[in-house]
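Working notes, structure below.
Derivation of every value follows stated rules applied to the coordinates shown; laboratory data play no part. Keep in mind it's a predicted model, so treat the numbers as computed, not measured. Note: ideal-geometry Cβ built from the backbone for every residue, glycine included; neighbour counts use all protein chains shown.
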Amino acid sequence: MQQIALHTRLKPGMEDEYERVHATIPADLDDALRAAGVHGWRIWRSGRDLFHLVEVDDYRAMRRALSNHPANVPWQTRMAELLEMPDSYAGDDDGLRLVWALP
């Protein structure tokens, strides 16, 4: 299993709306994430900065599986309204580079 760290940033003034939208994830999106190999996804917020930790079998395969998934497309459209830079779901990234870990 992989642990992938991500960083995204909210548009100004979208902090409360982002948290409101994430209060309940649609059931079909939850099912799609799990079917694509996601075991956990946590998000922390500091101001407009969002830090994600994704636990997934294969991150790139998950991104490809969800890129055109009918549960994910409307979710990503909604997220694009809130985020400074919409996610392309190209599936060709590896998240943030790990710099250090306490052994």
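Give a residue-ordered list of calculated ³J(HN,Hα) values for the stretch 86-101 (Karplus: 6.51 cos²θ - 1.76 cosθ + 1.60, θ = phi - 60°; whole Hz; x for Gly, Pro).
x, 8, 7, 6, 5, x, 10, 10, 10, x, 6, 6, 6, 9, 7, 9
What is the local net charge at R63, summed over the other residues whose Cβ is closer than 11 Å to its Cβ (Lys, Arg +1; Asp, Glu -1)?
-3
Of V99, V73, how do they rank once you tally other Cβ atoms within 10 Å and put the fewest first?
Details: V99 5, V73 13.
Listing V99, V73 from fewest to most nearby Cβ atoms yields V99, V73.
With just the Cα atoms defining each centre, how far is the stretch 73-103 from the stretch 1-64? Give it in Å.
Between the Cα centres of the stretch 73-103 and the stretch 1-64 lies a distance of 8 Å.
Quick check for me: using +1 on Lys/Arg Cβ and -1 on Asp/Glu Cβ, what's the dipole size of the chain about its Cα centre, in debye to the nearest 20?
Working: 12 positive and 17 negative charges, 29 e Å.
Dipole size: approximately 140 debye.
Explain nothing, just compute: Karplus ³J(HN,Hα) = 6.51 cos²θ - 1.76 cosθ + 1.60, θ = phi - 60°, for every residue of the stretch 50-58 in order, whole Hz, x for Gly and Pro.
Whole-Hz 3J(HN,Hα) from phi for the stretch 50-58: 10, 10, 10, 10, 10, 10, 8, 4, 8.
Taking the Cβ of E15 as the center, what net charge do the other residues with Cβ under 14 Å away carry, scoring Lys and Arg +1 and Asp and Glu -1? Please report the intermediate quantities before stating the final value.
Numbers: positive: R9, K11, R20, R45, R48; negative: D16, E17, E19, D49, E81, E84.
With Lys, Arg at +1 and Asp, Glu at -1, the net is -1.
Say the dipole of the chain comes from +1 at the beta carbon of Lys and Arg and -1 at that of Asp and Glu; which of H7, V21, M79 then lies farthest toward its positive end?
The listed residue farthest towards the positive side: H7.
In the stretch 35-103, which chymotrypsin sites (Phe, Trp or Tyr not before Pro) fall in coil by DSSP and have 14 or fewer other Cβ atoms within 10 Å? Each step should come with its number before you reach the end.
Numbers: sites: W41, W44, F51, Y59, W75, Y89, W100; in loops: Y89, W100.
Those satisfying the criteria are W100.
What is the local net charge at Y89, summed over the other residues whose Cβ is closer than 13 Å to its Cβ (Lys, Arg +1; Asp, Glu -1)? Provide the component values of the computation, followed by the final result.
Values: positive: R60, R63, R64; negative: D87, D92, D93.
Charge balance in the 13 Å sphere: 0.
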